[in-house]
Amino acid sequence: MDCIKTKLNEEDKDILREIYEKLEKITLPTRFQKTGAQGHSRRTGACNQKQSRQVCFGYSIYRCKKQVSVFTKKYPYIMELFKKFIDSHYPEFEFDSVYVNKNVKCKKHLDSKNVGTSLLVGFGDYLGGESVLYINNEAEKMNIQICSVIFNGSKIEHESLPFTGTRYSLVFIT
């Protein structure tokens with residue numbers, strides 16, 4: 001299995017609109033840094049983008065310990081909305097963390113800590129911003145506003161294309 005695409009239905013889109021409204025009311029942290037960026041924000045290029053925001057909900061690793069993220073403790077209702085979305089859209093998919101990207105144009109990269117399958121979906125008021133997966137050295141563009149994509153980001157290089165507007169992507173991971 002390289003990737004699985006699953007079309008979003010109207011209920012899925014309604015839940016994503018609800019998530020959008022809730023996320024727009026909270027302040028997500030910037031990853032912009034002039035020097036010294038490390039980890040995921042460096043690999044994705046978010047550290048070079050002033051308008052980009054990235055945060056983890058669910059479990060995260062901090063000082064080698066798996067623990068509930070600060071944002072999950074502060075906004076537990078957001079995690080409940082993520083569960084509601086998965087229950088509607090793809091109930092067989094198991095996850096314990098959700099990485100939220102806002103206005104991040106990811107450069108081509110492989111994930112290093114997120115090993116195994118991930119579910120990627122996009123939403124917001126934007127044009128463009130397709131995700132590109134490089135499967136067997138072939139670029140495959142995917143509109144993640146229409147379909148979610150399940151793939152292994154540690155084995156399949158991926159990136160996002162330029163966009164205009166407010167673009168969110170959610171990466172559900174285990």
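The values are calculated or read from the model by the stated rules, or taken from the named source; none is laboratory data. Quantities reported herein were computed from a predicted structural model and do not represent experimental measurements. When we count neighbours, we look across all protein chains shown, and the Cβ atoms used for this are built from the backbone with ideal geometry, even at glycine. With ligands, DNA and RNA removed, areas are computed over all heavy atoms of the protein, side chains included. Shrake-Rupley method; radii C 1.70, N 1.55, O 1.52, S 1.80 Å.
Legend: distances between Cα atoms for K113/K155; K25/K84; K65/K105; pairs beyond 23 Å are K65/K105. Among Q51, Q67, Q145, which one shows the biggest mean-square fluctuation in a GNM of the chain, springs joining Cα atoms closer than 10 Å? Between Q51, Q67, Q145, it is Q67 that shows the largest mean-square fluctuation. Between E138 and E94, the modelled label-to-label distance comes to 3.2 nm, taking each label 7 Å out from Cα in the direction of the beta carbon. Charging the Cβ of each Asp and Glu at -1 and of each Lys and Arg at +1, and nothing else, the dipole of the stretch 83-128 about its Cα centre rounds to 340 debye.
Full extension of the chain between Y126 and D87 yields a length gain of 11.5 nm, computed as 0.36 nm times the residue separation minus the alpha carbon distance. Per residue, the accessible area of the chain comes to 55 Å² when a 1.4 Å probe rolls over the protein heavy atoms.
Estimated purely from DSSP H runs of n ≥ 4, each contributing -39500 (n - 2.57), the mean residue ellipticity at 222 nm for the chain is -6500 deg cm²/dmol once divided by its residues.
Within the shell of other residues whose beta carbon sits under 14 angstrom from the beta carbon of T72, the net charge comes to +3, with Lys and Arg scored +1 and Asp and Glu -1. For the chain, a Gaussian network of Cα nodes joined below 10 Å ranks T30, T164, T117 by mean-square fluctuation, and the top entry is T164. Here the accessible area is traced with a 1.4 Å probe on the protein chains. For the chain, carbon and sulfur cover 49 percent of it.
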